[in-house]
């Protein structure tokens, strides 16, 4: 027998294991990427924000020691006591008083500069680039959690369909792009876009990015609301097309059969412009049996014992929770 839900999956046991390993691989890889690019600290306000590009050790370079005109070299400032080393090297060459004085002078220069080695400018990365990578990775990770939950739920319920494979493959990448868009929107509207320094809350940004990936539909709807508020259209043309008016004309049949099923037809104009909720005596009609076109709404209905006891049938059509937009009543013969 193949009636149970476990036989309705369009995926084999081997494919389940492979899919599980793929999901775990992408989740762990994204977590590793976030850890690898996490900065050791945020740059100071108004300072050059550049890091030494070493995975798992993204170290902020001191802007006072960056020299981009020195043959493409950026000098990395590392706190160290250079006094003893320079003095010792100088004393090895010359132990005279003149040599010691020269050593002290050289030491003062090195201590004031505070830079003891050079880093190639091509081995550095900008703070904004790090943020873009982290935000995209957070959106990707959030959506991986979503699709992993969806996959295991549908497989466990025996309802997995192969037609959804493309959705599972594409969704995380669209979520990463959506997280970047949300990040741009927040930087433009809520954060200081001119200062890449420590005024940013990196944990808050990562949380918003991950949630945007986890709830992509909600994030998209919110961006739509923001866009509509900012770019609300204003139609000044007097001859522009207007929204077509919805109207109800009549309802058939005029009398209902109290025993057999009734074909109920509501006629009108532009009836397909809204999503309708139809009720008979305050009982909602199943949406699956309702057919809606521009000219009519059709469904079948059989009277119940409660309808016969009331002696009348009231039809209501509404598009929201407010007052119904159309009402019709049948009186049943006694």
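Going by the conditions given, is residue 303 surrounded by 11 or more Cβ atoms within 10 Å (Cβ to Cβ) and either out of contact with any strand residue (DSSP E or B) (no Cβ under 8 Å at 6 or more places or on another chain) or modelled with pLDDT under 90 (or both)?
Yes; evaluated as a whole, the condition is true for this residue.
Taken as a whole, the structure leaves residue 266 outside the set of residues that are within 18 Å of residue 324 (Cα to Cα), in contact with a helix residue (DSSP H, G or I) (Cβ under 7 Å, 6 or more places away or on another chain) and outside any loop (DSSP other than H, G, I, E, B).
The values are calculated or read from the model by the stated rules, or taken from the named source; none is laboratory data. Treat the numbers as computed from the prediction; the structure is a model and nothing was measured. A quick note on method: Cβ atoms are made from the backbone with ideal geometry, for glycine too, and the neighbour counts reach across all protein chains shown.
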